[in-house]
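Below: the structure, in structure tokens.
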Amino acid sequence: MNKITPNLILRSTYIIIFLWFGYQQLVTAGMWVGYLPSWSGYFPIPGEMLVQLNGFAEIIAACFLIFNVYPRLIAGLLGLHLLMIAWTAGSAIGMRDFGLAMIGAALALNKSSQTSNVDFKI
Amino acid sequence: MPNKNAITVILIIIFIIGSGIIIYRGRPIMQLNNSNNAINAESSGQAAASLPADEDQNLGDDDDLAAGSSAKPSITPVSVSPNTQQTTDHFYTMSDVAGHATPASCWSAINGSVYDLTTWINRHPGGPEAIQIICGKDGSGLFNNQHSGSKRTASALILLKIGTLKS
């Protein structure tokens, strides 16, 4: 049985977070449209569709983490994603997302992996 | 246990397929079809399962909206052409468009087509005011003055189209 390491805790946390956020964005996309930044208007995509696509992408990213495939790369990308959200949202929501982004940074920079010898390669 | 590459390929394929489904089902014209079917089901007392609630059956089945229900919803198209193509073609008059003149439900007629701009208001790069002033109206003049010839704008509008303006 694998030991419960800090890396495992962080990765599991990220999995749960993005599975939940991704699911919420898929089923209640209308409630998340308000969080879209103004520059998203340059994309010729309706707001709810953009939210659902983002949510689905987050779920797929969580699946990558579940299978421990490119965990550092995926965690780094998710952290950057949260950093952009934190910058756009600001205030308390932005601060919370900044903290979540730092979890991703910790996972991305942590060279020790839970199981396999997956290297940080793009 | 599948290897890393197999898992990656599988997840990427799932993402591509899922994105395609989201884009297809999320088109405003599909949402309008589903909402009209839901209204018809409630008003006629039919079970939801007996109605073509899924978009696959809505493709080309505009006759269900035009001829089936006895109680038409307030946003039902004036007339619906027999449709043999993939995209349903709803027709609206300016009075239908005028009934959606608020930011909560913003329709506009542009160059002969009717668009649902509700979700676009806060995302418009030029600010929400530019969209709000054409809610419930014919915005062809303002649109052409500002965006005439812009492919990016035209592509943004395509996904927002819900029907054709009936002259």
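The values are calculated or read from the model by the stated rules, or taken from the named source; none is laboratory data. This is a predicted model, so every value here is computed, not measured. As a convention, Cβ positions derive from the backbone with ideal geometry for all residues, glycine included, and neighbour counts pool all protein chains shown. Side chains are part of the model used for accessible areas, which takes the heavy atoms of the whole protein and leaves out ligands, DNA and RNA. Shrake-Rupley method; radii C 1.70, N 1.55, O 1.52, S 1.80 Å.
Am I reading the A/B interface right? What is its buried accessible area, both sides, 1.4 Å probe, to the nearest 100 Å²?
2200 Å²
How many partner chain Cβ atoms sit within 10 Å of a residue's Cβ in peptide A:23-36, on average, as a whole number?
1
Over all residues in A:58-64, what is the mean tally of Cβ atoms on other chains that come within 10 Å of each residue's Cβ?
Mean partner shielding for this stretch: 3.
Once the principal axes of the Cα atoms of chain A are found, what is the range along each, listed largest first in whole angstroms?
Projected onto its principal axes, the Cα set of chain A covers 45, 26, 25 Å.
For helix A:71-89, what angle does its Cα long axis make with the longest principal axis of chain A, in degrees from 0 to 90 and rounded to 10?
30 degrees
At 1.4 Å probe size, with every protein chain present, just tell me what the per residue accessible area of chain A comes to in Å².
Here the residues of chain A average 55 Å² of exposed surface.
Within 10 Å of each Cβ of B:9-20, how many other protein chain Cβ atoms are there on average?
3
Using Cα atoms only, what is the angle between the long axis of helix A:6-27 and the major principal axis of chain A, expressed in degrees (0 to 90) to the nearest 10?
Helix A:6-27 and the main axis of chain A meet at about 30 degrees.
For the range B:96-154, list log₁₀ I(q)/I(0) at each q in 0.23 Å⁻¹, using the Debye formula over Cα point scatterers of equal strength and ignoring solvent, two decimals each.
The computed values of log10 I(q)/I(0) come out as -0.89.
Whenever you get a sec, compute what percent of the accessible area on the range A:49-90 sits on carbon and sulfur atoms (1.4 Å probe).
79 percent
Evaluate the distance, in nm, between pseudo-label points positioned 7 Å from the Cα of B:Ala6 and of A:Leu8 along their respective Cα→Cβ axes.
2.5 nm
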